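A.B. asks: Before anything else, here's the structure in question.
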Number of protein chains: 2
Amino acid sequence: MKTMEKVDLSDCPICSSLSIDDKEDFLLDLKCSIKAYPKNELIIRQGDVCDALYMLMSGSVKTEMITENGSLLGIEIIKAPRPLAPAFLFSDNNHFPVDVTTLQEVEIMRIPKEEIIRLMMTNPDFMKQFLTHNSNRTQFLTNRLQLLSIKTIKGKLAHFLLEQVAVNEKTFTMNRNQTELADFFGVARPSLARSLSEMVKEGIISISKKEFTILDFKRLREQLE
Amino acid sequence: MKTMEKVDLSDCPICSSLSIDDKEDFLLDLKCSIKAYPKNELIIRQGDVCDALYMLMSGSVKTEMITENGSLLGIEIIKAPRPLAPAFLFSDNNHFPVDVTTLQEVEIMRIPKEEIIRLMMTNPDFMKQFLTHNSNRTQFLTNRLQLLSIKTIKGKLAHFLLEQVAVNEKTFTMNRNQTELADFFGVARPSLARSLSEMVKEGIISISKKEFTILDFKRLREQLE
DNA sequence: TTTACAGTGTAACAACTGTTACACTTTTAT
DNA sequence: ATAAAAGTGTAACAGTTGTTACACTGTAAA
């Protein structure tokens, strides 16, 4: 493993529990392979078989789902270090449910399923972290479900904005452009732009570049009703 | 455990791997409790803390999510034996994401989290089954996400109907009424009724009581575009 | 059997979103 | 610096869905 010295798993949600010694064993013993991909490349297709754990070691990717009618539904942006779709490794129908596209140059480590099982059996903390991470992913999906079930675009925006701003804050930096946010909401881009400009016109929010500011929390919450 | 003789976990997606001996140990040693609930009772509320595994031993329940705007989103109907929301047991924010309401009289076994961890550490097959079941649940949620992202009601119906009918079949029995199906789709009931009657009028499907028949697969698939 | 009540069919209208098109601005690449 | 591409603002119109209301039917309880 030539790139081993670059690897830092201490921030990884499922590997951080491994002690230094464990990590060395982990990396030395592990029957894994690392592969690099360029920017803006579709590296996993919806439907591909998922028979190993893919760990994003560096860079970032986005995941999106293609609906049967051909339209896109953005799911999330994933930054290293984090496993990709670990929940599907053990499912009876072990196919990726999403497309994965690189946003930067990335390195991805492929760890065979058997190795993951071995790690879990020998390392209780790893097992708990793996379970917790999958649970958190499920919670993320549930939240996504809730967002999609809101019927109006302004309602979705209110849900999204109220979730983004930290407690006692009223400003945050948007890390998506309008097209990506529209995909995330599952709506058309001009429709999102219309709702945004209306909310600005009504004095509920203000936008300058990537900075969003909430001007009127009360009326923003009213959009949810 | 007085109700032990009634218990049959051989069909349970996460317990069926336990051998007879294991099962006896499982049930005898397990620090668990069983509780019965009447029909049509709300037994778990969205937001309740989830610090144990709740196993539905007999009967059936439905799960639904309450959107911030107050509308319902039906999630699924669960029949015994199956665990309820096992994915959330290990999440950092361990709260139930849904309301659970009984559809019949039910019995529910409560197994403390520590017991589940112990079982997984001592029983590899149980661990794999637990992982697989959670993976399958995630896949279910992903499918649900896909359904919700379809924008037209006829498109949702097409997706749903094509998924329900078995291969080489054209008829199936609907186990939801119109109101429940509308909640499942996240749409208004009269809107669903309109779409249904239009598709009947157009000769794509026919409905009599709970029996749905697909008359024209080609045009049904076209609804997805 | 009669009486409720849940479930369904339907209609008119309001509200919202999608589509398409184009001008304009900002960023990126050469 | 300049050209190309990506991102944004906006408008008109069509299409779909939500809302509300009410009649009708089937089903379960008294």
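A.B. asks: Would you mind giving the mean number of other chain beta-carbons within 10 Å of the Cβ of each residue in B:181-194, as a whole number?
C.D. replies: 1
A.B. asks: Once you put a point 7 Å from the Cα of A:Ser191 and another 7 Å from the Cα of B:Glu105, both along the Cβ direction, what distance in nm separates them?
C.D. replies: 4.8
A.B. asks: Related question: Once you put a point 7 Å from the Cα of A:Thr173 and another 7 Å from the Cα of A:Ser60, both along the Cβ direction, what distance in nm separates them?
C.D. replies: Distance between the two pseudo-spin positions: 1.0 nm.
A.B. asks: Right, something else. Average partner chain C-beta neighbours within 10 Å, per residue of B:142-154?
C.D. replies: 6
A.B. asks: While we're looking at this one, here's another question. What do you get for GluC sites (Glu not before Pro) in the stretch A:106-181 restricted to DSSP loop and a cutoff of at most 10 other Cβ within 10 Å of the site's Cβ?
C.D. replies: A:Glu169
A.B. asks: Also, quick follow-up: What is the local net charge at A:Thr213, summed over the other residues whose Cβ is closer than 13 Å to its Cβ (Lys, Arg +1; Asp, Glu -1)?
C.D. replies: Surrounding charge for A:Thr213 is 0.
A.B. asks: Find, to one decimal place in angstroms, the Kirkwood hydrodynamic radius of chain A, where the mean of 1/r is taken over every pair of different Cα atoms and then inverted.
C.D. replies: Here the Kirkwood hydrodynamic radius works out to 19.5 Å.
A.B. asks: Express in whole angstrom the spacing between the alpha-carbon centres of the stretch B:155-176 and the stretch A:47-69.
C.D. replies: If we compute the Cα centre of each part, the gap is 29 Å.
A.B. asks: Net charge within 14 Å of A:Gln46 by Cβ-Cβ distance, Lys/Arg positive one each and Asp/Glu negative one each, not counting A:Gln46 itself?
C.D. replies: Cβ neighbours under 14 Å give a net charge of -2.
A.B. asks: For chain A, can you list the cysteines whose C-beta has no other cysteine C-beta under 4.7 Å from it?
C.D. replies: Unpaired cysteines in chain A: A:Cys32, A:Cys50.
A.B. asks: Can you give the Rg and Dmax of the stretch B:32-82 based on its C-alpha atoms, in angstrom?
C.D. replies: Rg, Dmax (Cα atoms, Å): 12.2, 37.
A.B. asks: Label A:Glu202 and B:Glu76 with points 7 Å out from Cα along Cα→Cβ: what is the distance between them in nm?
C.D. replies: Distance between label points: 3.6 nm.
A.B. asks: Let me ask you something else. Compute the length gained on full extension between A:Leu162 and A:Ser33: take 0.36 nm times their separation in residues and subtract their Cα-Cα distance, giving the result in nm to one decimal.
C.D. replies: Once the chain is fully extended between A:Leu162 and A:Ser33, it gains 42.3 nm.
A.B. asks: Oh, and also: Could you work out the longest stretch of chain A that avoids the trypsin sites (Lys or Arg not before Pro) located in DSSP loops with at most 16 other Cβ atoms within 10 Å?
C.D. replies: My reading of the result: A:46-150 is the longest stretch.
A.B. asks: Now for a separate question. Just from its helices, what would the mean residue ellipticity at 222 nm be for chain A, if runs of 4 or more DSSP H residues each count -39500 (n - 2.57) and the sum is divided by every residue, rounded to the nearest 500 deg cm²/dmol?
C.D. replies: When only DSSP H runs of four or more count, the value is -12000 deg cm²/dmol.
A.B. asks: Output the Kirkwood hydrodynamic radius of the protein assembly as shown, Cα pairs only, in Å rounded to one decimal.
C.D. replies: So the Kirkwood estimate lands at 24.1 Å.
A.B. asks: Right, another one. Taking H as built 1.01 Å from N, whose amide H comes closer than 5 Å to the amide H of B:Glu105, not counting residues under 5 places away?
C.D. replies: B:Lys39
A.B. asks: Let me ask something else about it. Could you state the principal axis extents of the C-alpha atoms in the stretch A:137-180, from the largest down, to the nearest angstrom?
C.D. replies: 25, 23, 17
Coordinate-derived values only; no laboratory data. It should be emphasised that the depicted structure is a prediction, and the values quoted were computed from it without experimental measurement. With ideal geometry, Cβ positions are generated from the backbone for all residues, glycine too; neighbour counts draw on all protein chains shown.
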